[in-house]
Amino acid sequence: MQLKPIGVFDSGYGGLTILKEIVQELPQYDYLYMGDNARAPYGPRSFATVYHYTLECVQWFFAQGCELVILACNTASAKALRTIQQKDLPGIDPDKRVLGVIRPTTEVIGHYSQTGKVGILGTSGTVQSESYPIEIAKFFPQVEVYQEACPMWVPLIENNEYDTPGADYFVQQHLQHLLNQSEGIDTLLLACTHYPLLINKIRQFLPSGITVVSQGEIVAQSLKKYLEKHPDLARKCSRNGRLGFYTTDSTTDFDTHATRFFGQPIASKHLDLGRK
Ligand code: DGL
């Protein structure tokens, strides 16, 4: 019988911080992870490019038998998800599902704040898309949202340079820019799946009383509820507790770096995309 794993996608390693929490919450399912490392980072790329790359990856997941794919990447969720859901899925297979990480996060983020002022740290693409302010306004219309793009953070993390004085400089700089936008911001959302690796450094440079929220647990909880609400889809997803990992770039590099994101050793396979 063909396995029907849940697909988990990111431009690179960041989605592993989400997968880690999902596996902890729902260990019974099979999962297939793919990082498009050869074309990362997605953060600075245009809408058209992020959409094109993401759709190609989603189609690959479908070809592997996935009925459900999670875009564990804020940039892809911000710039490609809606078009894929509305324009592409009905033609590909209306029964398959693609979900992102922005909606589940915006549904709950307002609950973390006492002051009603929330800061968003993300890639240039995520910030530019305005997805967070737009979505948060739907669930928490009274919450004020402030955003800061941190274009250096993903390269620092991907290159394992995130625990260096250079990283200190860029972390402090962006936190300062964000906090300068308004007094009373008491909640900071790490709206990029790479940023949890910086969480200790971020906390170190923040004044006390500010809550830092990362998305992994929120997305995992939301997926659990989604599968409970959609038993037909849940039944189609295979359950043997298996994990598979693919990267579009070097498997040696992927396996070396991925452990930091996933918390346990990974043996990935190579996948050629976008070179035809
Ligand atoms: N992990 C991606 C996100 O959550 C960003 C990485 C990239 O720029 O490719 O936005």
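Here are a few things to note about the model shown:
- Förster radius 45 Å - calculated FRET efficiency between residue 232 and residue 163 (Cβ-Cβ, nearest 0.05): 0.50
- Selection of GluC sites (Glu not before Pro), region 111-208, meeting DSSP coil and at most 15 other Cβ within 10 Å: 130, 161, 183
- Amide H partners (placed H, <5 Å) of residue 32, local residues excluded: 6, 7, 8, 244
- Sparsely packed loop sites in region 190-239 (the trypsin sites (Lys or Arg not before Pro) outside DSSP H, G, I, E and B with at most 14 other Cβ atoms within 10 Å) do not occur.
- Neighbours of residue 120 by Cβ distance under 13 Å: Lys/Arg scored +1, Asp/Glu scored -1, total -3.
- 25 Å Cα-Cα reach of residue 229 towards lysines, excluding residues that sit fewer than 8 places from it in its own chain: 4, 20, 87, 96, 138
- For region 172-193 versus region 1-73, the spacing of their alpha-carbon centroids is 28 Å.
Each reported figure results from applying straightforward, stated rules to the coordinates on display, with no laboratory input. Fair warning: this is a prediction, and the values are worked out from it, not measured in the lab. In this analysis, Cβ positions are derived from the backbone assuming ideal geometry, glycine residues included, and neighbour counts consider all displayed protein chains.
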